[in-house]
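Just so it is clear, none of the values below were taken in a lab; they were calculated from the coordinates. Note that the coordinates shown come from a computational prediction; the quantities given were computed from them, not determined experimentally. Ideal geometry is used to build each Cβ from the backbone, glycine not excepted, and the neighbour counts take in all protein chains shown.
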Amino acid sequence: MYQIEGLTKTYTQGKRTVHALQDVDLTIADGELVAIQGPTGGGKSTLLQMLGGLDRPTSGRVRLAGDDLAAMDDARLTRARADRIGFVFQHFNLIPTLTAQENVETALVPAGTPADERARRAQAALAQVGLAERAGHLPGELSGGQQQRVAIARALVKEPAVLLADEPTGNLDEATRDDIVGLLEGLWTQRGLTVVMVTHDSVVARRAQRRLRIAGGRVSEV
């Protein structure tokens, strides 16, 4: 699924150069469930952004199913994100003025999906995460766990090959955390997704099939 070669990312902060990623070589197989841990500022989110085509490396390659995301022009990269990669974030990133169903439908707009198909697929995605009856509710009318379920439905409605999750349980209590992780595990099993999660929570990480640690921009197996 992913083949990463010599991946390096540097930033300039004033007169200081920050090495967010340093010569990372990594393979993530099709259908793996991977957890990435490490200290704050160690490069976790930067690596996830590279996997999702949300940022470009300073050097190196990020191949997704053989296609180098780092070498794509903006139009092809946007299309790859729209068609092949689903994103789940810690803060849900739902639009507060849209209903749950409308939030899920937004993921299909960049692909030019017709309105009736968007509605049908959004309803199916919400049903899969147990929120069919909440489709007409605004985010402010939902609990934190329910909002994260909407965010997961929004990621899944595109039928991606990859699901990237950045601290997906970071804003949730323990019981809700376990519920959301269980949901992700079930979807991983049922859909054969490749799932990569960044997490500070060792309880969450231990439930992954494979664990990686990143510190100082360098990746190692746990």
When restricted to 185, 159, 174, the only residue of a type outside the set (Lys, Arg), surrounded by fewer than 17 Cβ atoms within 10 Å (Cβ to Cβ) and over 28 Å from residue 63 (Cα atoms) is 174
Go through (1) touching a residue at least 40 places away in the same chain (Cβ under 8 Å); (2) over 16 Å from residue 89 (Cα atoms) and name the single condition residue 189 misses.
-> (1)
Taking residue 212, is it in contact with an Asp or Glu (Cβ under 7 Å, 6 or more places away or on another chain) and either of a type in the set (Phe, Trp, Tyr) or in contact (Cβ under 8 Å) with a residue 40 or more places away in the chain (or both)?
-> yes
Neighbours by Cβ (under 9 Å, 6+ apart or cross-chain): first from the stretch 139-165, touching a residue at least 24 places away in the same chain (Cβ under 8 Å); second among the hydroxyl-bearing types (Ser, Thr, Tyr) and assigned to a helix (DSSP H, G or I) | 143/176; 144/176; 145/176; 148/176; 154/106
The stretch 32-135: strands (runs of 3 or more DSSP E) wholly inside it with 3 or more residues that are under 16 Å from residue 158 (Cβ atoms), in contact (Cβ under 8 Å) with a residue 40 or more places away in the chain and not aliphatic (A, V, I, L, M) are 85-89
Quick one: would you say residue 183 is touching a residue at least 24 places away in the same chain (Cβ under 8 Å), of a type in the set (A, V, I, L, M) and assigned to a loop (DSSP other than H, G, I, E, B)?
-> no
Count of residues meeting criterion [touching a residue at least 60 places away in the same chain (Cβ under 8 Å), part of a strand (DSSP E or B) and closer than 23 Å to residue 160 by Cβ] in the stretch 1-20 | 2
